[in-house]
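Derivation of every value follows stated rules applied to the coordinates shown; laboratory data play no part. Remember, it's a predicted structure, so these values are computed and weren't measured experimentally. Every residue, glycine among them, receives a Cβ derived from its backbone with ideal geometry; neighbour counts consider all protein chains shown.
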Amino acid sequence: MDPLFFATAYTLSTSIGIRPFLTLALASFAMHLGYLHPAHEFAFLGSDGATVLLASFAMLEFVAEKVPAVDHLLHVIHIAAKPAAAAILVGSVAPDVVQGDGSAYTYALMGAAALNALGVHAGVATLRGASTATTAGLANPFISLIEDAATVVTTALALLAPLAGAALAFVVTLLLIFAARAIIRHVRPRATPARLA
């Protein structure tokens with residue numbers, strides 16, 4: 001299989017782990033314009049209706065992510081939405097594999113994409129929770145804007161320069177892992193053994 005497909009799939013699933021509806025809306029728009037060619041089973045993603053609907057969801061997501069109380073509720077919903085969106089999008093960009101004997105392989109890739117998106121989501125949610133705890137949510141809108149920008153850049157690279165996109169997605173994933181680990185270590189209450197008098 002073309003390594004560019006793996007790079008595209010990995011980058012898109014990472015982007016979905018950050019912002020699912022924005023990534024889907026951008027991919028749908030690219031399909032609509034003919035820059036991304038979906039598999040037959042997922043051709044609906046490039047339709048007028050799907051593009052408008054996903055763009056509307058992306059706008060709602062953009063606004064909701066700027067409100068601390070709402071963004072936490074959205075992150076709970078994303079636990080299911082992000083893996084599903086990643087699986088669908090990766091399945092849609094694998095037209096040569098989804099057919100015939102390659103379908104089981106494609107389903108495995110879709111599952112891997114779902115797990116990747118869920119892992120990235122865990123890092124994003126951990127960072128957002130730490131931001132809420134340390135800044136009373138004041139920094140959340142700024143973090144959200146950074147996430148929006150990262151989503152646009154990674155999605156664009158997935159379509160235009162997949163290998164560069166995959167490299168950036170890998171760096172973003174590593175940063176999220178290290179940041180989440182540092183936050184967990186810092187926030188976790190340290191148990192002090194009781195001293196006997």
(request) Pick out which of THR132, THR51, THR11 has the largest mean-square fluctuation in a Gaussian network model of the chain, springs linking Cα atoms closer than 10 Å. (result) THR132
(request) Divide, for the stretch 1-113, the radius of gyration over alpha carbons by 2.2 N^0.38 Å, where N is the residue count. (result) 1.08
(request) For the chain, set up a Gaussian network in which alpha carbons nearer than 10 Å are linked by springs, and say which option among ALA122, ALA104, ALA156 fluctuates the most. (result) ALA104
(request) Using only Cα atoms, tell me the angle between helix 140-160 and the longest principal axis of the chain; keep it within 0 to 90° and round to the nearest 10. (result) 30 degrees
(request) Show that you can apply the helix-only estimate: for the chain, add -39,500 (n - 2.57) for every DSSP H stretch of four or more residues, divide by all residues, and state [θ] at 222 nm to the nearest 500. (result) -27000 deg cm²/dmol
(message) Compute the helix-to-body angle for 162-187: its Cα long axis versus the longest principal axis of the chain, expressed 0 to 90° and rounded to tens.
(response) 20 degrees
(request) Would you please put 170-176, 159-165 in order of how densely packed they are, using the mean number of other Cβ atoms within 10 angstrom per residue and starting with the highest? (result) 159-165, 170-176
(request) Report Rg/Rh for the chain, rounded to two decimals, where Rg is the Cα radius of gyration and Rh the Kirkwood radius. (result) 1.05
